[in-house]
Amino acid sequence: MDMRPIVSTLFRHKTTTALIVLQIALCCAIVCNVLFLIGQRLERMQRPSGVDESRIVTVQIAGGAPGSDAAAIGRSDEAALREVPGVSAAAATTLVPFGNGAWNNGLSLSADQPQPNLSASTYMGGEQLFDALGLKLVAGRRFLPEEFVDWDPSGQSASKQDAQPAAIPAAILTRAVAQRLFPDGEAVGKTVYALDKTPLRVVGVVERLARSRDNNDPAAYDYAMLLPAKLAYTGIAKYVLKVDDPSQRQRAIDAAAAALLRIDPSRVVIEENSKTLQQLREDYYQQDRAMSLLLGAVCAGLLVVTALGIVGLASFWVQQRTRQIGVRRALGATRRQILRYFQTENFLLTSAGIGLGMLLAYALNLGLMSAYELPRLPLAYLPFGALCLWSLGQAAVLWPARRAASVPPALATRAA
Amino acid sequence: MFAYSLRMAVHSLKRNRALTALMVLALALGIGACMTTLTVFRILSGDPLPGRSQNLYYVQLDAGSLDGYAPGREPQTMLTRYDAQALLREARADRQALMTAGRVSIQPERSGLHSFLSNARYASADFFPMFDAPLRYGRAWSAGEDAQRARVAVISAQLNDKLFGGADSVGRGLILDGHSFRIVGVLAPWRPVPKFYDLSGDQFGEPEQVLLPFSTSRDLSLALNGNSVCWGDTGGDPEGRAALNAPCVYLQYWAQLDTPERAQAYQRYLDDYSAQQHAAGRFPRPGNVRLRDVNEWLQFNQVVPSDVRLQAWLALGFLLACLVNTVGLLLAKFLRRGGEIGLRRALGASRRQIFLHCLAEVGVIGLAGGALGLLLTLLGLWLVRQQPERYAQLAELDVGMLAATFALALIASLLAGVLPAWRAMQVAPAIQLKTQ
């Protein structure tokens with residue numbers, strides 16, 4: 001089909017043509033970037049945590065006087081939780097993935113370096129923590145019973161006559177930390193330094209364990225370490241429990257809370273932090289979900305408005321050219337040819353819009369990169385956006401084009 | 001003349017309902033999106049203490065160790081207890097207060113209620129007059145009570161409703177973590193947005209339910225609940241990270257300085273203090289002092305979430321796209337009426353009149369779009385309020401934003417209308433008559 005007449009017609013309507021091209025370009029630029037933003041959020045929400053999410057529940061309690069032997073209370077709490085029916089492992093922990101609170105410590109390769117190599121989330125707990133979290137070991141071994149030390153998580157010693165707590169001897173790292181610290185070699189058997197330069201022998205590497213809260217650094221999402229420490233009860237504590245049957249999770253939470261209150265009735269269960277890990281994950285990503293929905297709505301709104309604009313302008317053009325169409329029909333143009341004419345015209349307009357839109361999309365992305373520390377827009381979004389707009393344009397022009405095609409040839413013979 | 005223009009406009013709009021509806025809808029969608037996000041943005045970026053915020057300053061010193069120190073960095077965001085108490089004792093500002101977040105269990109006197117945990121704020125006496133915290137009953141505690149570590153507390157209106165059914169509870173008792181306190185004051189409902197005095201926690205959360213003297217909190221070793229950063233061993237002291245000499249920062253410190261000269265003098269005083277501490281070996285790092293007023297402090301902490309800023313930009317982009325759409329449609333509409341306009345021109349209408357007629361028509365579309373946009377804004381804000389974030393509950397439309405919605409609708413539509421009206425005005429009378 002010869003495009004020259006279409007192009008020359010468009011050039012006679014410079015303003016309207018320019019406007020529709022501009023509109024498509026704006027739509028293309030915004031839609032490409034918004035889809036990219038949605039993609040980023042979805043990717044973020046799908047990151048694995050490394051723990052057995054479908055079977056883990058967490059209970060947080062507070063209150064109750066720690067008394068003279070905080071370590072003993074901690075031990076009896078854990079023992080009571082292990083008695084809860086359907087629970088295969090239970091442990092007090094400093095952190096829960098997706099939970100409230102964060103505790104990060106610098107990890108160094110030598111004791112005297114001024115800046116740590118990286119900062120990792122510090123998960124501490126007793127013998128059953130590894131099983132309760134359902135971690136997956138990929139190198140080395142788990143902690144030995146003699147490696148666990150008594151630890152007061154508040155940093156305040158419960159009783160002054162206590163000797164200084166024994167230093168923690170060992171650590172298990174995530175694969176991400178191991179690879180970052182020892183890029184060309186085995187981490188197991190090496191020594192790292194954390195917690196006031198305490199030397200820690202790396203005894204094992206787990207596949208992954210997410211930070212409890214990420215600090216907007218995707219690369220550091222998997223930076224965590226596990227330390228062998230039996231936690232004393234200092235007036236507030238988090239417990240993780242692994243439940244055999246996922247359908248019994250809520251029952252396990254209730255039973256665990258009851259067991260903890262039986263030990264000391266003046267305690268309080270903190271409801272908003274006593275949930276299944278799946279609920280915690282949902283809460284954690286709630287904002288990302290809401291933002292994705294909002295971005296999706298903007299995208300849809302923009303596409304609808306653009307489509308309606310195309311419909312409006314195209315039907316205006318059809319009406320304006322009714323007589324001209326009639327003449328062409330009278331001269332032997334088929335309906336299909338008329339339809340093609342408007343479809344081709346729309347294709348040209350959309351293509352011009354997409355061309356301009358790509359440049360705008362790129363510029364917009366540069367702005368977003370500097371303002372929101374976003375990565376560069378992957379090129380794959382551009383053809384996808386183009387395809388989107390081409391189909392949108394064709395769909396929008398169909399109705400006016402069919403009306404044009406139905407203009408009877410006889411119209412040309414009527415008096416003007 | 002204006003009434004005539006308006007009648008013509010409405011008549012013309014009625015003739016092409018589909019196109020009119022399209023333009024109104026596009027405009028309304030753009031305005032709805034824009035006003036929703038701008039309302040949220042405005043609420044979050046507002047001044048929590050208008051009229052006083054420029055006289056309240058947040059104090060930062062740098063007490064950290066040389067581990068991990070790099071020159072030119074921002075000092076620590078909070079103060080050590082030692083420094084905060086030293087500054088409070090010397091009292092060189094017009095008013096000053098130290099404070100930190102805490103957590104207490106409350107054991108209600110009324111039977112039937114279980115004991116529950118509550119957020120608390122441990123502060124010094126000037127907290128109330130400095131921040132204009134409104135009291136419904138009673139009074140704030142005094143500096144004297146601070147010094148005596150008195151077991152007094154001020155409670156929030158909410159807690160007063162819960163415990164005492166809203167009655168005047170001044171003088172009543174309160175058991176906090178097993179210690180008995182006397183209520184000296186009850187706050188009226190108070191919600192500074194953002195919660196500027198302590199941005200280290202939930203920046204849009206409500207003020208704490210219980211406020212009590214910091215000195216008392218240390219006397220009773222009540223639990224801390226805020227951020228703290230330590231750079232040394234805290235195990236040796238039974239008070240841990242809250243100890244007077246703990247190598248930890250966990251206190252917010254505010255100074256009220258009523259004139260810029262006072263602020264300058266205070267800055268010099270802090271510089272001197274910092275230099276003295278450095279000379280004495282307490283501050284290993286060289287002097288690094290910051291004194292920011294409320295709004296500078298909010299800005300430094302980037303209190304407006306980046307998502308909200310992104311949404312605002314996105315909505316502006318969306319409005320722009322909607323406007324371009326409207327311009328295109330208006331142009332099509334006016335040019336389609338070329339014949340009619342030519343006729344009117346031939347009958348003696350001036351270009352100016354044609355222009356004004358067209359703008360009147362655009363204005364009607366703008367108002368309709370504004371009205372529909374307002375409904376969409378209300379819907380949008382309702383949707384925002386369903387979101388989980390704390391700030392979301394605050395998203396309400398006020399009179400100012402209502403007026404702004406209509407102003408935006410009108411300005412946007414008139415801007416969109418100028419080009420099409422200009423083009424319509426150019427229609428030459430003779431040519432149009434000839435081709436008819």
Please give the number of the condition B:Leu61 fails out of (1) surrounded by fewer than 19 Cβ atoms within 10 Å (Cβ to Cβ); (2) more than 22 Å from B:Glu239 (Cα to Cα). (1)
Please go through the stretch B:64-82 and give me each residue that is crowded, with 16+ Cβ neighbours inside 10 Å, out of contact with any strand residue (DSSP E or B) (no Cβ under 8 Å at 6 or more places or on another chain) and away from chain A (no Cβ under 14 Å), ordered by number. B:Tyr82
Count of the stretch A:293-320 residues which are touching a Lys or Arg at 6+ places or on another chain (Cβ under 8 Å), buried (at least 18 other Cβ atoms within 10 Å of the Cβ) and more than 19 Å from A:Leu26 (Cα to Cα): 3
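Consider the stretch B:95-110. How many of its residues are open to solvent by 10 Å² or more (accessible area, probe 1.4 Å) and either of a type in the set (S, T, N, Q) or in a loop (DSSP other than H, G, I, E, B) (or both)? Working first, answer last.
Step one: of the stretch B:95-110, the residues open to solvent by 10 Å² or more (accessible area, probe 1.4 Å) are B:95-96, B:101, B:103, B:105, B:107-110.
Next cut, either of a type in the set (S, T, N, Q) or in a loop (DSSP other than H, G, I, E, B) (or both) only: B:96, B:105, B:107-110.
Result for the stretch B:95-110: 6.
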Please give the strands (runs of 3 or more DSSP E) falling wholly within the stretch A:61-147 in which 3 or more residues are open to solvent by 20 Å² or more (accessible area, probe 1.4 Å). A:104-107, A:137-140
Is there any pair linking a residue in the stretch A:192-210 that is under 21 Å from A:Gln179 (Cβ atoms) and within 14 Å of chain B (Cβ to nearest Cβ) to one that is among the small types (Gly, Ala, Ser) and open to solvent by less than 10 Å² (accessible area, probe 1.4 Å), with Cβ under 8 Å and at least six apart or on different chains, and which? A:Tyr193/A:Ser108; A:Ala194/A:Ser108; A:Ala194/A:Ala120; A:Ala194/A:Ala171
Reported set for the stretch B:281-328 where residues are over 30 Å from A:Ile310 (Cα atoms), of a type in the set (Phe, Trp, Tyr) and within 21 Å of the chain's Cα centre (by Cα) is B:Trp297, B:Phe300
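Have a look at B:Ser180, B:Ser228, B:Ser221, B:Ser217 and point out the one that is within 14 Å of chain A (Cβ to nearest Cβ) and under 18 Å from B:Ser118 (Cα atoms).
Values: B:Ser180 fails: within 14 Å of chain A (Cβ to nearest Cβ); B:Ser228 fails: under 18 Å from B:Ser118 (Cα atoms); B:Ser217 fails: within 14 Å of chain A (Cβ to nearest Cβ).
Going through B:Ser180, B:Ser228, B:Ser221, B:Ser217 in turn, just one is within 14 Å of chain A (Cβ to nearest Cβ) and under 18 Å from B:Ser118 (Cα atoms): B:Ser221.
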Quick check on the stretch A:285-292. Is at least one of its residues crowded, with 19+ Cβ neighbours inside 10 Å, in contact with a Gly (Cβ under 6 Å, 6 or more places away or on another chain) and facing chain B (nearest Cβ under 10 Å)? no
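Just give me the residues in the stretch A:1-46 being under 30 Å from A:Gln278 (Cβ atoms), open to solvent by 10 Å² or more (accessible area, probe 1.4 Å) and either in contact with a Pro (Cβ under 8 Å, 6 or more places away or on another chain) or within 14 Å of another protein chain (Cβ to nearest Cβ) (or both), in sequence order. Let's see the steps before the verdict.
Initial filter on the stretch A:1-46 (under 30 Å from A:Gln278 (Cβ atoms)): A:34-46.
Restricting the remaining residues to those that are open to solvent by 10 Å² or more (accessible area, probe 1.4 Å) gives A:35, A:37-46.
A:Leu35, A:Leu37, A:Ile38, A:Gln40, A:Arg41, A:Arg44 - these are the residues of the stretch A:1-46 that are under 30 Å from A:Gln278 (Cβ atoms), open to solvent by 10 Å² or more (accessible area, probe 1.4 Å) and either in contact with a Pro (Cβ under 8 Å, 6 or more places away or on another chain) or within 14 Å of another protein chain (Cβ to nearest Cβ) (or both).
Within the bounds of the stretch A:336-355, is there any residue that is basic (Lys, Arg) and part of a helix (DSSP H, G or I)? Please lay out each step first, then the result.
So the first thing to find is which residues in the stretch A:336-355 are basic (Lys, Arg), and the list is A:336, A:340.
So of that shortlist, the ones also part of a helix (DSSP H, G or I) come out as A:336, A:340.
There is at least one residue in the stretch A:336-355 that is basic (Lys, Arg) and part of a helix (DSSP H, G or I).
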Would you list the helices (runs of 4 or more DSSP H) that sit entirely within the stretch B:118-220 and hold 3 or more residues that are open to solvent by 10 Å² or more (accessible area, probe 1.4 Å) and within 28 Å of A:Arg267 (Cα to Cα)? B:157-164, B:214-219
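Please find, among A:Ala386, A:Ala361, the residue that is in a helix (DSSP H, G or I), open to solvent by less than 50 Å² (accessible area, probe 1.4 Å), within 13 Å of chain B (Cβ to nearest Cβ) and not polar (S, T, N, Q).
On the way: A:Ala386 fails: within 13 Å of chain B (Cβ to nearest Cβ).
From the options A:Ala386, A:Ala361, the qualifying one is A:Ala361.
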Limited to the stretch B:1-24, what total is found for residues that are closer than 22 Å to B:Ala412 by Cβ and open to solvent by 70 Å² or more (accessible area, probe 1.4 Å)? 3
Looking only at the stretch B:239-266, filter to residues that are open to solvent by 60 Å² or more (accessible area, probe 1.4 Å) and without any contact (Cβ under 8 Å) to a residue 60 or more places away in the chain; which one of those is nearest to the chain's Cα centre (by Cα)? B:Pro260
Can you work out which of the residues in the stretch B:326-342 that are more than 9 Å from chain A (Cβ to nearest Cβ) and open to solvent by 10 Å² or more (accessible area, probe 1.4 Å) is nearest to B:Met23 (Cα to Cα)? B:Arg337
If we ask which residues in the stretch A:310-355 are within 14 Å of chain B (Cβ to nearest Cβ) and farther than 29 Å from B:Leu323 by Cα, their number turns out to be 2
So, first residue farther than 24 Å from A:Leu308 by Cα in the stretch B:29-54, second residue modelled with pLDDT of 90 or more and of a type in the set (Asp, Glu), Cβ within less than 6 Å, six or more apart or across chains; the pairs are B:Gln54/B:Asp293
Tell me which residues, restricted to the stretch B:310-325, are more than 8 Å from every other protein chain (Cβ to nearest Cβ) and either more than 16 Å from B:Ile411 (Cα to Cα) or without any contact (Cβ under 8 Å) to a residue 40 or more places away in the chain (or both). B:Ala312, B:Trp313
Those residues that are within 14 Å of another protein chain (Cβ to nearest Cβ) and assigned to a helix (DSSP H, G or I), I need them from the stretch A:364-383; list them, please. A:Leu364, A:Asn365, A:Leu366, A:Gly367, A:Leu368, A:Met369, A:Ser370, A:Ala371, A:Tyr372
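The values are calculated or read from the model by the stated rules, or taken from the named source; none is laboratory data. On a predicted model such as this, the values are computed, not experimentally measured, just so you know. Methodologically, a virtual Cβ is constructed for each residue, glycine included, from the backbone with ideal geometry; neighbour enumeration extends over all protein chains shown. Each accessible area value is taken on the protein alone, full model and side chains, heavy atoms only, with ligands, DNA and RNA left out. Shrake-Rupley method; radii C 1.70, N 1.55, O 1.52, S 1.80 Å.
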